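Undergrad: Below are the structure tokens for one structure; questions will follow.
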Amino acid sequence: MTDLTHCYQILGLAQGASLSEIKTAYRDLARRYHPDTCAEELRAQAQTQFIQINHAYKQLLKTWPTSSFTSAVETTTGVPTTAPPVSPIRQQQDAQLKHQSYHKLHDLLQARRFARAIALIEGLALRLPLDPEVRQWQAIAYFQWGKQLVEQRQWGKAKVYLRKAIRTDPHNQELFRAVEQQLQQLQRRATF
């Protein structure tokens, strides 16, 4: 799928859309089709769609000049973008590591092994600090752990991880609403 027209179509955009439009469309679609947010019977179809969305997004990002992409990443994440160029072999290794880590992270979150999930994703975030998907996965892991801590009545620790989720992916409005809901629930429980 290297046809850019097809990539724009997958993201529901007109050809020549701005970087901001591409990123917004990607985030909306990635949230909608993320396998962890779908009903069990729709998960396989959502995962296929999610993979296509990610691939289309990556292909479109490759067409943007490096300087405009890196400055956009630095602006939205606060992470400096002065990393040295990466060899094709390293890129391939990183892609494979990311793919394997995603599946392992998914399994760990499903098994509610949150401490291991967070350790895995934090390690991946150190390896790939500019990857927006990794930051999104990291925020999801923090949120899931925070939610579990609310259920366990570990309110102080829950608040820490819920806030970490927002700091990790600050532009994710859906996550922000979910965290706010958990914080309100936490506040109600703490007053009893």
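The values are calculated or read from the model by the stated rules, or taken from the named source; none is laboratory data. Computed from a prediction, not measured in an experiment: that's the story for all the values here. Glycine also receives a Cβ, built like all others from the backbone with ideal geometry; neighbour counts cover every protein chain displayed.
Undergrad: Which of the numbered conditions does PRO132 fail, given that it passes all the others? Conditions: (1) surrounded by fewer than 14 Cβ atoms within 10 Å (Cβ to Cβ); (2) closer than 29 Å to GLN91 by Cα; (3) in contact (Cβ under 8 Å) with a residue 12 or more places away in the chain.
TA: Every listed condition holds for PRO132 apart from (1).
Undergrad: Within the stretch 28-77, take every residue that is crowded, with 17+ Cβ neighbours inside 10 Å and not in a helix (DSSP H, G or I) and give me the one that is modelled with the highest pLDDT.
TA: Restricting to residues being crowded, with 17+ Cβ neighbours inside 10 Å and not in a helix (DSSP H, G or I), the top hit is HIS34.
Undergrad: Evaluate the following for ARG135: is it charged (D, E, K, R) and outside any helix (DSSP H, G or I)?
TA: Working: charged (D, E, K, R): yes; outside any helix (DSSP H, G or I): no.
No, not satisfied.
Undergrad: For ARG188, indicate whether it is assigned to a loop (DSSP other than H, G, I, E, B), at pLDDT below 90, among the charged types (D, E, K, R) and exposed (fewer than 15 other Cβ atoms within 10 Å of the Cβ). Even if it seems obvious, please write down each step before you answer.
TA: Numbers: assigned to a loop (DSSP other than H, G, I, E, B): no; at pLDDT below 90: yes; among the charged types (D, E, K, R): yes; exposed (fewer than 15 other Cβ atoms within 10 Å of the Cβ): yes.
In short, no.
Undergrad: Hey, another quick one. Looking only at the stretch 1-27, which residues are outside any helix (DSSP H, G or I) and not hydrophobic (A, V, I, L, M, F, W, C)?
TA: Matches in the stretch 1-27: THR2, ASP3, GLY12, GLN15, GLY16, SER18.
Undergrad: Same structure again: Condition first: within 16 Å of TYR26 (Cα to Cα) and surrounded by fewer than 21 Cβ atoms within 10 Å (Cβ to Cβ). Now tell me which residues in the stretch 137-174 satisfy that.
TA: Across the stretch 137-174, the qualifying residues are PRO170, HIS171, GLN173, GLU174.
Undergrad: In the stretch 102-137, what residues are over 21 Å from HIS55 (Cβ atoms) and of a type in the set (S, T, N, Q)?
TA: Of everything in the stretch 102-137, just one residue is over 21 Å from HIS55 (Cβ atoms) and of a type in the set (S, T, N, Q), namely GLN110.
Undergrad: With the checklist (1) at pLDDT below 90; (2) surrounded by 15 or more Cβ atoms within 10 Å (Cβ to Cβ); (3) over 24 Å from ARG32 (Cβ atoms) in hand, flag the one item ILE118 doesn't pass.
TA: (1)
Undergrad: Same structure again: Confirm whether LEU124 is in a loop (DSSP other than H, G, I, E, B), surrounded by 12 or more Cβ atoms within 10 Å (Cβ to Cβ), touching a Leu at 6+ places or on another chain (Cβ under 9 Å) and at pLDDT 80 or above.
TA: When the stated conditions are applied, LEU124 does not pass them.
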